[in-house]
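Participant: Please see the structure below; I have some questions.
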Amino acid sequence: MLDPHPTSFLSQRRLENGKDAMVPIKPESPLNLPTQKLSLGCPVLDRLVRGGLPVGSVTELAGESGTGKSQICLQLLLAALRPPSLGGLSAASLYIHSEFPFPLRRLRRLLTPFAPSSVVPTPLDHIFVRPAHSPDDLLSLLTAVDALLARPPSALPVRLLVVDSIAALFRSEFDNTPADLKRRSSLFFKIAAKLKEQARRFEAVVVVTNQVVDVVGGSESYGSSGNAIRVGNYGSLWSSGRRVCPALGLSWANCINTRIFLSRSDDIVRNERALVDEESDDRVHGTVVRTRRKMEMVFAPHLPEASCEFVIVSEGVFGVEAQSEKSETPSPTSQI
Amino acid sequence: MLSEEQMQKRITTGCDDLDTILGGGIHCKEVTEVGGVPGIGKTQLGIQLAVNVQIPVEYGGLGGKAVYIDTEGSFMVERAYQVAEGCIMDTLDKFGHHRKVILDCQEQMQPNSFLANIFYFRICSYTEQIAVINYLQKFLAEQKDVKIIIIDSVTFHFRQDFDDLALRTRVLCGMSLKLMELTKTYNLAVVLLNQVTTKFTEGSFQLTLALGDSWSHACTNRVILYWNGNERHAYIDKSPSLRSASAPFSVTSKGIRNATSQCKRVRMM
């Protein structure tokens, strides 16, 4: 049997005493595995994910434009700075973005009234931003990131890695031919393996955002040529009244540990109440349009099927407790 | 005549119907491949088996330990704890009236004891995967209680681009032969969780197990997990001794259990 490299027979890379080292292979006890989680910045949303996003794992946020993916990512960058007692990691973050420009203004808006992050005097010093224009860009970046993770530029270790978005990197370079799809798929696995390795070695949380595509043709069964192969807890996912599914297909779905789906829908409701922002008023027909946002657990190794409504306001993204029809939803100062 | 095969114990999956189509449960001395789409329950089944192998002999189990090789980072301790707790609760419920047995197994029947009996390896590359399998030969000679090895998932690190595809095939074949040897030498079960992919054959895309062509002829049994409407099902795709049949199952907070639907359960195909 082939042993490709003599030392690999005996050792693995592991984080020991905070340092990256080659150590002899030995089993671990599950009781000693890291179990830290990064809070989403809201107790209602945290309940949905049982405390927060886990370290050593890759979590995907999938949704169409405007559903709050980047907003949640920004919120996570700041949450990471908080100490573990407040659901954070006391850590710096790396934000790799493939959509331009980086939303610095939105990030600054999240900072101002932000008491808990004042544990760190200059939060922006601990957030590292890098652009990526292609999958090869991302791979080179991730290789360079090894050095960043091992010797962080700021006083805090880097323990949150965000890729926003993975889909944008693969938009233009690949045709729909079997050969190109295979090439694309190989890149998914290479990228995912690297992200997971870093998540594990540095006890980091990895978040990747993804877009959605319309579901086309085919039935939900073997041999379907459509993209409607059921993946996860829901037979179908909906957003803005359209049936959608996360982009990059079954291959990419095999690369992540947890998939969270964000959606929005515009409900038309009869309104006798006072007007709330984000609702357009159609006085002629006595109806308003209300945007509802939902977060759904599509699959996760540790979480059951569950969903939660949420709102996006200038202060951030917050979950909404399930309420009966009659009671009022909280009226924030200004919805985005 | 009681053959050696009949005396072999099976590891229960936690679901009666699934056990039935498996001929009583997962067999020791055999390699079983379990494939399915993300979210169907492969890791859930892996964790369930790592727990169920530990059910004490007094309660009808193997009283063994487990090796869990995690190649994707899907193993979550909190989930394993839940599954161990569920297994212990249900086992004690079933045997409730046998007081003496309960007292004897008191210490073992704790979720943390169950977690401590899982030898966990997290690997981050295909070379680490081969290294761990090589290491197991020595490890298993010392740890005689191990009755199951689970690899979750077996092909993830092989799905990147390999410059030399022939090398990949050789490595995978070598790995599966080595695993076969381990089952026979140490009389344990090997369960390989695998991903599915779409393959373009005969003019359309078909769902198929990843890298199936290269290596999985070395597996004794192959089980596919799939969605049938809103219900999870499993079917025997390949086996020298088991009939092709399908069975429903569910994933609950306690782990893998019987499906809740009332319709006819095990179906022959």
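The values are calculated or read from the model by the stated rules, or taken from the named source; none is laboratory data. The model shown is predicted, which means the values in this text are computed figures rather than measured ones. Every residue, glycine as well, gets a Cβ built from its backbone with ideal geometry; the counts of neighbours run over all protein chains shown.
Participant: Determine the pairs where a residue that is touching a residue at least 60 places away in the same chain (Cβ under 8 Å) and basic (Lys, Arg), located within the range A:46-61, has a partner that is surrounded by fewer than 21 Cβ atoms within 10 Å (Cβ to Cβ) and not in a loop (DSSP other than H, G, I, E, B) with Cβ atoms under 6 Å apart, the partner being 6 or more residues away or on another chain.
Facilitator: none
Participant: Would you confirm whether any residue within the range B:141-157 is surrounded by fewer than 23 Cβ atoms within 10 Å (Cβ to Cβ), farther than 21 Å from residue B:9 by Cα and among the aromatic types (Phe, Trp, Tyr)?
Facilitator: So far as the range B:141-157 goes, no, none of its residues is surrounded by fewer than 23 Cβ atoms within 10 Å (Cβ to Cβ), farther than 21 Å from residue B:9 by Cα and among the aromatic types (Phe, Trp, Tyr).
Participant: Shifting gears a bit: Considering only the range A:294-322, how many residues are charged (D, E, K, R) and on the phi > 0 side of the Ramachandran plot?
Facilitator: First, pick out the residues of the range A:294-322 that are charged (D, E, K, R): A:294, A:296, A:305, A:309, A:315, A:321.
Those left that are additionally on the phi > 0 side of the Ramachandran plot: none.
Going through the range A:294-322 one residue at a time, the tally reaches 0.
Participant: Would you mention how many residues in the range B:178-207 are modelled with pLDDT of 90 or more and either part of a strand (DSSP E or B) or more than 14 Å from every other protein chain (Cβ to nearest Cβ) (or both)?
Facilitator: 13
Participant: So which residues in the range B:145-177 are without any contact (Cβ under 8 Å) to a residue 60 or more places away in the chain and within 7 Å of another protein chain (Cβ to nearest Cβ)?
Facilitator: Just the residues of the range B:145-177 that are without any contact (Cβ under 8 Å) to a residue 60 or more places away in the chain, to begin with: B:155, B:158-175, B:177.
Within the range B:145-177, B:159, B:160, B:161, B:170, B:171, B:174 qualify.
Participant: Being modelled with pLDDT of 80 or more and exposed (fewer than 15 other Cβ atoms within 10 Å of the Cβ) is the filter here; which residues of the range B:91-112 pass it?
Facilitator: Scanning the range B:91-112 gives B:93, B:94, B:110, B:112.
Participant: Show me the helices (runs of 4 or more DSSP H) found entirely inside the range B:55-149 where at least 1 residues are of a type in the set (Lys, Arg). Spell out how you get there, then give the answer.
Facilitator: Working: elements: B:77-94, B:99-104, B:111-116, B:126-142.
By residue number, B:77-94, B:99-104, B:126-142.
So that you can scan it fast, the table gives a plain yes or no per residue for (1) at pLDDT 90 or above; (2) assigned to a strand (DSSP E or B); (3) away from every other protein chain (no Cβ under 14 Å):
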{"site": "A:234", "(1), (2), (3)": "yes, no, no"}
{"site": "A:250", "(1), (2), (3)": "yes, no, no"}
{"site": "A:261", "(1), (2), (3)": "yes, yes, no"}
{"site": "A:265", "(1), (2), (3)": "yes, yes, yes"}
{"site": "A:275", "(1), (2), (3)": "no, no, yes"}
{"site": "A:281", "(1), (2), (3)": "no, yes, yes"}
{"site": "A:290", "(1), (2), (3)": "no, yes, yes"}
{"site": "A:294", "(1), (2), (3)": "yes, yes, yes"}
{"site": "A:302", "(1), (2), (3)": "yes, no, no"}
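Participant: Restricting the range B:53-69 to residues that are under 18 Å from the mean Cα position of the chain (by Cα) and surrounded by fewer than 22 Cβ atoms within 10 Å (Cβ to Cβ), which is nearest to the other protein chains (Cβ to nearest Cβ)?
Facilitator: Among them, the one singled out is B:65.
Participant: How about the range A:118-204: which helices (runs of 4 or more DSSP H) wholly inside it have at least 3 residues that are under 17 Å from the mean Cα position of the chain (by Cα)?
Facilitator: Answer list for the range A:118-204: A:166-169, A:178-201.
Participant: Based on what the data block shows, is residue B:37 hydrophobic (A, V, I, L, M, F, W, C) and more than 12 Å from the chain's Cα centre (by Cα)?
Facilitator: Criteria met by residue B:37.
Participant: For residue B:159, which of the numbered conditions (1) farther than 27 Å from residue A:199 by Cα; (2) over 17 Å from the mean Cα position of the chain (by Cα) fails to hold?
Facilitator: For residue B:159, the failing item is (1).
Participant: Can I ask one more? Answer with yes or no whether residue A:172 is closer than 30 Å to residue B:74 by Cα and among the polar types (S, T, N, Q).
Facilitator: No: the conditions fail for residue A:172.
Participant: Give the residues of the range A:72-101 that are surrounded by fewer than 21 Cβ atoms within 10 Å (Cβ to Cβ), touching a residue at least 24 places away in the same chain (Cβ under 8 Å) and within 26 Å of residue A:133 (Cβ to Cβ), sorted by residue number.
Facilitator: A:97, A:99, A:100 - these are the residues of the range A:72-101 that are surrounded by fewer than 21 Cβ atoms within 10 Å (Cβ to Cβ), touching a residue at least 24 places away in the same chain (Cβ under 8 Å) and within 26 Å of residue A:133 (Cβ to Cβ).
Participant: Which condition number in (1) of a type in the set (A, V, I, L, M); (2) modelled with pLDDT of 95 or more; (3) surrounded by fewer than 22 Cβ atoms within 10 Å (Cβ to Cβ) is the one that residue B:80 fails?
Facilitator: (3)
Participant: Would you mention how many residues in the range B:102-150 are within 26 Å of residue A:195 (Cα to Cα) and in contact with a helix residue (DSSP H, G or I) (Cβ under 8 Å, 6 or more places away or on another chain)?
Facilitator: 19
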